[in-house]
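**Student:** The structure that follows is given in the form of structure tokens.
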Amino acid sequence: MDKNKLIQLVEDKLGVDYLGFIEEITDPAGYIGNRFLPAEEAYDFEWVHDIFDNTHAVAKMKARGDAEAPIVGGPAVKKVSGSLAPFGQKFQVNKSTLNKIFNPRNDSELYANLRRILDESARNVNAALSRAEWLRFKFLAEGEIAINEGDISLEVDMGIPDDNKLAHGTSDLIAEEWSEAASAKPLDDIVEICEHYFTVNGEMPNVILMRRATLLELLNADDTQNDDNKGLKSLAEVNDYLGRLGMDYPEIETYDEFVRFEDVDGRPSTVYHLIPKDRVVLLKEAGGGGISSDIGRLLMGPVAENDFQPGIYVDVYEETDPKKYWHYMACEMWPAGYNPEYIVHADV
């Protein structure tokens, strides 16, 4: 990036490397999507992966020791592919801020406004990170990504099997709505849902996610809290109960993170929760087994403005007619779903 006068002033006066400052900005502490869909750099705008199913039968027996080995089928191959989507935004540096930088009344005013430039650049990075977490959980918690913003309208089904989308009224695994405290049996439902996950995948999920309000319904159910039943009063006791069953049931975690979208007036006031109301989400965490055994990745593709290097690109660029400075951000990203069967939804 060619350093314009404004960026050079930020670096000289504050003693920071602008790009280094940007690169140190990471996901907010509350974001957890990277546990299930880690970010991975990609160097093309389209991707194709062959995923090998390593499920195998027992070895064939030979007729005799010197006989030719029997021929068996090779591993099944699943081909998944997709394209990355461009995201970006820019906003103008306030003229009053620029005046206080290039015509400061004192050093205090200069330094305060140079720090504001860094804060505003960080705002662009955080906007991209919020969009990334939104993309992850549109896949993980909803199973489809729909975008209707401005002139852009698209809807992509991410391939979660229909049998993994459970709901009261359509699935026998959920006996009663959890809001019906007198009759609901949430923990029995959790066990049944986990057993469904095991039947599909041959392993237990790593975590059970839900909103705080959903957890409260679980804790308020008579079957959960009454001493004549399970007698559990807290999340810690519930997780201990699941562990004591000795069947590798995962712990429950609450996740109430949300992102903000602009309202009709352009203000970031529209709240979008990343897990839908009354939904329980069972997930496998990414491990060391690669794409054949993980849900997927969040692919970060090449950005033209950054010489086609992948990642989140942020800059402050200058226009001269008329004189303006713009905060600019661009990135190319999209979730790649390799094994969506490792996701189970239950609407309770």
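The values are calculated or read from the model by the stated rules, or taken from the named source; none is laboratory data. Everything quoted here is computed from the prediction, not taken from an experiment. Methodologically, a virtual Cβ is constructed for each residue, glycine included, from the backbone with ideal geometry; neighbour enumeration extends over all protein chains shown.
**Student:** Give me the residue from the range 104-160 that is without any contact (Cβ under 8 Å) to a residue 12 or more places away in the chain, in contact with a helix residue (DSSP H, G or I) (Cβ under 9 Å, 6 or more places away or on another chain) and charged (D, E, K, R) and, out of that set, surrounded by the fewest Cβ atoms within 10 Å (Cβ to Cβ).
**Tutor:** D107
**Student:** Select the strands (runs of 3 or more DSSP E) contained entirely in the range 280-348, then report the ones holding at least 2 residues which are more than 25 Å from V10 (Cβ to Cβ) and of a type in the set (G, A, S).
**Tutor:** 296-303, 323-337
**Student:** Oh, and also: Could you please find all residues in the range 166-187 being buried (at least 17 other Cβ atoms within 10 Å of the Cβ) and not in a loop (DSSP other than H, G, I, E, B)?
**Tutor:** Within the range 166-187, L166, H168, S171, P186, L187 meet the criteria.
The rows are residues; the columns are (1) among the acidic types (D, E); (2) at pLDDT 95 or above; (3) closer than 19 Å to R279 by Cβ.
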position: D188; (1), (2), (3): yes, yes, yes
position: V191; (1), (2), (3): no, yes, yes
position: Y197; (1), (2), (3): no, yes, yes
position: N206; (1), (2), (3): no, yes, yes
position: L219; (1), (2), (3): no, yes, yes
position: N226; (1), (2), (3): no, no, no
position: N229; (1), (2), (3): no, no, no
position: V238; (1), (2), (3): no, yes, yes
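**Student:** Taking interchain pairs and intrachain pairs at least six residues apart, which have beta carbon atoms under 6 angstrom, with the first residue in the range 161-187 and within 18 Å of E341 (Cβ to Cβ) and the second acidic (D, E) and part of a helix (DSSP H, G or I)?
**Tutor:** Filtered contacts from the range 161-187: P161/E341; L173/E192.
**Student:** Could I ask something else about it? Is it fair to say F36 is closer than 16 Å to M329 by Cα, surrounded by 11 or more Cβ atoms within 10 Å (Cβ to Cβ), among the hydrophobic types (A, V, I, L, M, F, W, C) and touching a helix residue (DSSP H, G or I) at 6+ places or on another chain (Cβ under 9 Å)? Spell out the reasoning first.
**Tutor:** Values: closer than 16 Å to M329 by Cα: no; surrounded by 11 or more Cβ atoms within 10 Å (Cβ to Cβ): yes; among the hydrophobic types (A, V, I, L, M, F, W, C): yes; touching a helix residue (DSSP H, G or I) at 6+ places or on another chain (Cβ under 9 Å): yes.
Taking the combined requirement at face value, the residue does not satisfy it.
**Student:** Condition first: in contact with a strand residue (DSSP E or B) (Cβ under 9 Å, 6 or more places away or on another chain) and of a type outside the set (K, R). Now tell me which residues in the range 28-37 satisfy that.
**Tutor:** If the condition is that a residue be in contact with a strand residue (DSSP E or B) (Cβ under 9 Å, 6 or more places away or on another chain) and of a type outside the set (K, R), then I32, G33, N34, F36, L37 are the ones that fit.
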